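First comes the structure, then the notes that go with it.
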Amino acid sequence: MKLAIIGTGYVGLVTGTCFAEVGHQVVCVDSDAAKVKTLQAGGIPIYEPGLEELVKKNVAAGRLQFTNSTAEGVQKSDVVFIAVPTPPQPDGSVDLSYIERVARDIAGAMTGYKIVVDKSTVPVKTGEKVTETIKRYCAAKVEFDVVSNPEFLREGFAVGDLMKPDRVVIGVGSQRPVAAMREIYTPFNAPIIVTDINSAELIKHAANSFLALKISYINAIANICEAAGANVQEVAQGIGLDERIGRRFLNAGIGFGGSCFPKDLSAFIKISEQVGYDFKLLKEVQRINSDQMERFLKKITDTLWVLKDKKIGVLGLAFKQNTDDVRSSPAIDLCQRMLKEGAALRVHDPKGMDKARALLPDVTYVEDMNAVAEGCDALVVATEWDEFKKLDLVRAKKSLTHPIMFDGRNLFDPAEMEKLGWIYKSVGR
Ligand code: UGA
């Protein structure tokens, strides 16, 4: 199939690349000229495991192109995917101006039947607005269908999630685009669900909110575990083996962050409000999440008492492992809070340090994770990078003035840490 992807952010770039990988002819469009130049020269503007090789391979095979021109993308393709940002506004609602702009650009470039697919996360009923906008701005008699096809990839695992999706959701207003959409996704061998457009749009917000709810639920259980002397990981295992619940997304910690869950929760609460439902359950999910950070900070101040003039080593800045993304990262929030209390920080993240510099200009960046603890009063783990589990605990213990670790991601075994002589505080254990 001939496909255009408008927007080369995380979703657009990975989607376009994976479509090319399964044999489709793909044009990726971005309004940022510098970004397009980088991509044309073989550079990748984000860190995403496996992506760079796949981009290079498909560019070399002639299946993947990059351009600045929406018109070129639309004219070269039968199906046009919209994958532009839908950022939050101060009141929690979604800024749909990029979607509207792109809908107008697509409309202006259409000369024959096109399928216009929305992949960005949008409020329910956005498909209706996109349809109205295209109708208004396209030349008379050009036919088109609007489809909602939400994306469920996780940053850091995006290529795997896209190549092997749990499901593909296709929301349509008529049967006409269904065959083409099925053809696009047939190579991925995933269950395909065809729904109406409003349901497809809701599936995305309902899925992300449910996952966020699972995390807040286990964080609340973690707090009970701490008070009652139980172990949240054992509880998570015990409940997660029930297939109806599932073990994934039951890892307690300092809370969820990133560019999706916090924004999508606020948006879904707002959308619910607009249709006349007060989604109090999701407000509580948000509250538990922000409280989780406060509780962890309190754990640090309860032990170290005064943070002013203390030196603290921090492992982790990205909002989760396998990514360089520091947007709405709980780790960055935590650092900012400790800085505010007067602490000096030595920080390390395997991929997130470059992007963190703008948010945390006044900390010491350390290239080697094993050198972070040098001269510090305590060590904090803020992101669940697997490689932190390989930290040289003997060296770290010697480097610290006191062997104190606050593990916000439960990476180490409390009994083992105690045996090694650490004062070790984690979450819910
Ligand atoms: C999330 C969803 O998982 C994807 O399915 C969805 O497509 C994506 O949002 C999106 O809407 O674009 P992502 O934000 O990349 O993906 O990251 P997750 O792996 O979901 O992690 C989000 C946050 O939750 C991270 O801060 C992570 O540390 C935290 N988390 C995750 C926990 O605290 N505990 C867990 O058990 C799992």
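The values are calculated or read from the model by the stated rules, or taken from the named source; none is laboratory data. None of these values were measured; they are calculated from a predicted model. Glycine also receives a Cβ, built like all others from the backbone with ideal geometry; neighbour counts cover every protein chain displayed. SASA here: full protein model, heavy atoms, side chains in, ligands and nucleic acids out. Shrake-Rupley method; radii C 1.70, N 1.55, O 1.52, S 1.80 Å.
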Task: Candidates per GluC sites (Glu not before Pro) in the range 165-262, loop by DSSP, up to 15 other Cβ within 10 Å - done: Glu243
Open item on the list: So if I place +1 on the C-beta of Lys and Arg and -1 on the C-beta of Asp and Glu, and nothing else carries charge, what would the dipole magnitude of the chain be about its Cα centre? I want it in debye, nearest 20.
Closed with: 180 debye
TODO: Would you compute, from DSSP H runs of 4+ residues alone, the mean residue ellipticity of the chain at 222 nm, taking -39500 (n - 2.57) per run and dividing by the full residue count, rounded to the nearest 500?
DONE: -13000 deg cm²/dmol
Task: Violating pairs (Cα-Cα greater than 18 angstrom) within the set Lys298/Lys425; Lys311/Lys397; Lys2/Lys135; Lys263/Lys283; Lys35/Lys320; Lys35/Lys119 - done: Lys2/Lys135; Lys35/Lys320; Lys35/Lys119
- [ ] Quick one: give the max-minus-min coordinate of the C-alpha atoms of the range 2-190 along each principal axis, largest first, in Å.
- [x] 42, 39, 34
TODO: Report, in order of residue number, the helices in the chain meeting two criteria: a C-alpha extent of 30 Å or more along the helix axis, and a mean Kyte-Doolittle hydropathy of at least -1.0; treat each whole DSSP H run as one helix.
DONE: 197-228, 280-304
- [ ] For an R0 of 22 angstrom, estimate the FRET efficiency from the Cβ-Cβ distance between His402 and Lys298 and round to the nearest 0.05.
- [x] 0.70
- [ ] Please calculate the 1.4 Å probe accessible area of Arg154, with all protein chains present, and give it to the nearest 10 Å².
- [x] 70 Å²
TODO: Considering the options Ile218, Leu162, Gln321, tell which one lies farthest towards the positive end of the dipole of the chain, charges being +1 on Lys and Arg and -1 on Asp and Glu at the Cβ, about the Cα centre.
DONE: Leu162
TODO: Specify the residue with the greatest mean-square fluctuation among Gln233, Gln286, Gln274, computed from a Gaussian network of the chain linking alpha-carbon atoms under 10 Å apart.
DONE: Gln274
Open item on the list: Could you sort the peptides 259-271, 358-370 by per-residue average Cβ neighbour count (10 Å cutoff), highest mean leading?
Closed with: 259-271, 358-370
TODO: Give me the Debye-computed log₁₀ of I(q)/I(0) at q = 0.09, 0.13, 0.14, 0.17 Å⁻¹ for the range 211-425, equal point scatterers on Cα only, no solvent, two decimals.
DONE: -0.36, -0.75, -0.86, -1.23
Task: Amide N of the range 408-429 lying under 20 Å from the label point, which is placed 7 angstrom from the Cα of Gln237 along Cα→Cβ - done: 408-420, 425-429
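For the chain, what proportion of DSSP beta bridges, expressed in % and rounded to the nearest 5, is antiparallel?
If I count the DSSP bridges inside the chain, around 5 percent turn out antiparallel.
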Task: Heavy atoms of Ser97 accessible to a 1.4 Å probe, total area in Å² rounded to 10 - done: 60 Å²
